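The values are calculated or read from the model by the stated rules, or taken from the named source; none is laboratory data. Because the structure is predicted, anything quoted here is derived from the model rather than measured. Quick reminder, even Gly has a Cβ in these numbers, built from the backbone with ideal geometry, and neighbours come from all protein chains shown.
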Amino acid sequence: MGEVLLATDTRLNRKVAIKRILGQAARSRTAVQRFLTEAQSIAALNHPNIVQIYDYGRAADGPFLIMEYVEGDSLLDRCRQGALDAAVAVSICGALCDGLGKAHAAGSSTGISSRPTFC
């Protein structure tokens with residue numbers, strides 16, 4: 001299990017997202033290695049539809065990533081509001097495909113966080 005928290009980078013005065021794995025997963029070598037591999041894979045990419053990784057670390061309760069914070073609703077939250085307009089849906093799908101295409105072209109097969117923007 002994991003969580004994503006909103007925080008403030010006090011050195012650079014900006015909002016960041018902190019992604020953590022918790023519980024049993026935080027004590028699993030396999031899960032922690034997969035988490036680090038995800039961070040390295042994402043950090044190697046530079047694309048407007050893929051969040052940036054700022055840092056990686058380990059606290060007493062498990063590893064964490066400090067990532068770019070992207071303001072707005074999640075795609076799931078947006079879909080729960082009702083059907084998407086066709087043009088919005090096409091725009092979101094295009095953004096997702098662009099980001100995933102960049103990740104796959106770079107040889108990344110781990111979980112990539114996409115950031116499609118919509119109104």
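Only one of (1) more than 13 Å from the chain's Cα centre (by Cα); (2) buried (at least 16 other Cβ atoms within 10 Å of the Cβ); (3) assigned to a loop (DSSP other than H, G, I, E, B); (4) at pLDDT below 90 fails for Phe118. Which number is that?
That leaves (2) as the condition not met.
Keeping to region 45-72, report how many residues are out of contact with any strand residue (DSSP E or B) (no Cβ under 7 Å at 6 or more places or on another chain) and more than 30 Å from Gln24 (Cβ to Cβ).
Of the residues in region 45-72, 5 are out of contact with any strand residue (DSSP E or B) (no Cβ under 7 Å at 6 or more places or on another chain) and more than 30 Å from Gln24 (Cβ to Cβ).
So Thr30 fits all but one of (1) in a helix (DSSP H, G or I); (2) in contact (Cβ under 8 Å) with a residue 12 or more places away in the chain; (3) surrounded by fewer than 16 Cβ atoms within 10 Å (Cβ to Cβ); (4) not acidic (Asp, Glu); what number is the exception?
Against the list (1) in a helix (DSSP H, G or I); (2) in contact (Cβ under 8 Å) with a residue 12 or more places away in the chain; (3) surrounded by fewer than 16 Cβ atoms within 10 Å (Cβ to Cβ); (4) not acidic (Asp, Glu), Thr30 comes up short only on (2).
Do you know which of the residues in region 33-59 that are within 27 Å of Cys93 (Cα to Cα) and among the polar types (S, T, N, Q) is surrounded by the fewest Cβ atoms within 10 Å (Cβ to Cβ)?
Asn46
Between Gly94, Gly101, Gly72, Gly62, which is surrounded by 11 or more Cβ atoms within 10 Å (Cβ to Cβ), touching a residue at least 24 places away in the same chain (Cβ under 8 Å), farther than 24 Å from Asn13 by Cα and among the small types (Gly, Ala, Ser)?
When all the criteria are applied, what remains is Gly62.
Ala87 is checked against (1) modelled with pLDDT under 90; (2) over 27 Å from Leu12 (Cα atoms) and fails just one. What number does that condition carry?
(1)
Under 7 Å by Cβ, and 6 or more places apart or on different chains, what pairs join a residue from region 35-49 that is assigned to a helix (DSSP H, G or I) with one that is hydrophobic (A, V, I, L, M, F, W, C) and at pLDDT below 90?
What qualifies is Ile42/Ile112.
Which condition number in (1) modelled with pLDDT under 90; (2) closer than 19 Å to Glu3 by Cβ; (3) not hydrophobic (A, V, I, L, M, F, W, C) is the one that Ser109 fails?
Among (1) modelled with pLDDT under 90; (2) closer than 19 Å to Glu3 by Cβ; (3) not hydrophobic (A, V, I, L, M, F, W, C), the lone unmet condition for Ser109 is (2).
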